[in-house]
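Engineer: Okay, here's the structure, questions in a sec.
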């Protein structure tokens with residue numbers, strides 16, 4: 001332990017203390033005295049001049065006292081102090097097991113859910129805040145690059161806490177083109193990791209608001225306009241355990257703090273809120289598959305209902321819905337004329353275009369066409 005103490009600077013400890021609402025309250029014999037807002041916090045002495053003879057022992061003592069107060073290993077605290085500009089997201093689960101333990105299936109689902117929460121935040125950021133130009137594949141690459149920079153830290157008791165960490169993006173910057181000699185090195189793309197973490201905090205706050213309304217009222221108007229995605233709600237619900245009925249908390253600890261974000265916010269979800277978010281996610285999923293749509297592709301099937309004489313055609317290809325294309329295969333309810341044209345297109349292996357309203361019927365979705373004539377891609 002002693003040989004690692006010099007690697008911790010007074011500045012790193014001060015930054016860590018400030019992020020946890022500690023403040024300098026005075027000086028004493030060449031040290032700054034720090035005290036937390038909680039009366040139970042100890043007084044920590046940080047040397048004002050690192051070159052002084054006893055600075056190492058003072059730093060060592062401060063680290064040991066702080067680790068003891070936070071009830072955590074010294075090594076874990078040193079790891080945080082080594083990256084003083086890292087922002088943290090803590091996911092505190094409350095399974096029905098002794099503190100410091102969690103059922104194995106719940107732990108697997110929790111890690112997968114934490115990954116999905118970061119993925120959903122990155123997708124939302126690159127879609128709405130900093131749109132990525134070019135092919136959809138480019139956005140997927142940006143999301144994947146962000147996820148590779150999110151670090152999963154050691155778990156800790158306190159029922160059961162998972163922590164993710166995002167470092168200072170400036171420490172990840174690559175080579176920059178020389179402004180004088182004009183070297184042919186490509187300038188690195190900007191990194192928006194902390195802005196994405198801010199988007200995660202915003203979206204989880206929105207989900208908490210939605211869950212609060214659902215628990216108290218039972219329903220919510222305009223569900224698709226609440227600023228949350230089905231993937232986000234589903235991932236949050238899964239933090240409530242295999243039955244999605246356990247409480248949990250998400251805490252954001254900001255050391256590099258965007259101007260519009262509240263520092264060290266904790267968002268608490270009850271077991272009922274987790275269950276409601278699961279139902280709401282399924283509702284959003286259903287709504288996301290309905291609306292005005294364009295269906296393109298090959299005619300793969302034709303069907304006439306013997307009782308109603310309604311005609312349907314199956315088109316496999318892709319669908320344009322809610323402003324984006326995605327691979328899809330849907331049955332479409334069509335007129336007799338469109339049915340006959342689709343039969344000819346199927347025989348001639350031609351790709352077709354069909355516009356209409358995609359609606360949920362039974363366990364699936366069907367396109368109800370408004371066209372009088374079939375359009376062709378070729």
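Engineer: So if I check each of 329, 351, which one is in contact (Cβ under 8 Å) with a residue 24 or more places away in the chain and within 30 Å of the chain's Cα centre (by Cα)?
Structural biologist: Checking each option against the conditions leaves just 329.
Engineer: Regarding residue 295, is this residue over 17 Å from the mean Cα position of the chain (by Cα) and either modelled with pLDDT of 95 or more or part of a strand (DSSP E or B) (or both)?
Structural biologist: yes
Engineer: Considering every residue within the stretch 105-127, establish whether at least one is over 27 Å from residue 227 (Cβ atoms), loosely packed, with under 14 Cβ neighbours inside 10 Å and in contact (Cβ under 8 Å) with a residue 12 or more places away in the chain.
Structural biologist: Within the stretch 105-127, one or more residues are over 27 Å from residue 227 (Cβ atoms), loosely packed, with under 14 Cβ neighbours inside 10 Å and in contact (Cβ under 8 Å) with a residue 12 or more places away in the chain.
Engineer: Suppose the filter is in a helix (DSSP H, G or I) and either outside the structural domain of residue 198 (by TED's automatic domain parsing) or at pLDDT below 90 (or both); does residue 119 pass it?
Structural biologist: no
Engineer: Which one is surrounded by the most Cβ atoms within 10 Å (Cβ to Cβ), of the residues in the stretch 284-332 that are closer than 29 Å to residue 128 by Cβ and in contact with a helix residue (DSSP H, G or I) (Cβ under 6 Å, 6 or more places away or on another chain)?
Structural biologist: Across the stretch 284-332, the extreme among qualifying residues is 284.
Engineer: A follow-up question, please. Scan the stretch 268-278 and tell me whether some residue there is touching a strand residue (DSSP E or B) at 6+ places or on another chain (Cβ under 7 Å), touching a residue at least 40 places away in the same chain (Cβ under 8 Å) and under 24 Å from residue 128 (Cα atoms).
Structural biologist: Checked against the condition, which is being touching a strand residue (DSSP E or B) at 6+ places or on another chain (Cβ under 7 Å), touching a residue at least 40 places away in the same chain (Cβ under 8 Å) and under 24 Å from residue 128 (Cα atoms), the stretch 268-278 yields no hits at all.
Engineer: So, one more: Filter the stretch 332-346 for residues that are closer than 15 Å to residue 377 by Cβ and either touching a residue at least 40 places away in the same chain (Cβ under 8 Å) or part of a strand (DSSP E or B) (or both) and give the result.
Structural biologist: 342, 345, 346
Engineer: In addition: Do we have residue 322 as free of Cβ contacts under 8 Å to residues at least 60 places away in the same chain, within 27 Å of residue 211 (Cα to Cα) and not assigned by TED's automatic domain parsing to the domain that holds residue 223 here?
Structural biologist: yes
Engineer: Let me ask something else. If residue 102 meets every condition in (1) closer than 30 Å to residue 14 by Cβ; (2) in contact with a strand residue (DSSP E or B) (Cβ under 7 Å, 6 or more places away or on another chain); (3) not assigned by TED's automatic domain parsing to the domain that holds residue 10 apart from one, which number is that one?
Structural biologist: So the condition that residue 102 fails would be (1).
Engineer: Can you list the helices (runs of 4 or more DSSP H) found entirely within the stretch 1-109 that contain at least 2 residues being out of contact with any helix residue (DSSP H, G or I) (no Cβ under 9 Å at 6 or more places or on another chain) and at pLDDT 85 or above?
Structural biologist: 10-19, 55-70
The values are calculated or read from the model by the stated rules, or taken from the named source; none is laboratory data. Not measured: the values here are computed from a predicted model. Please note: Cβ atoms are built from the backbone with ideal geometry, for glycine as well, and neighbour counts cover all protein chains shown.
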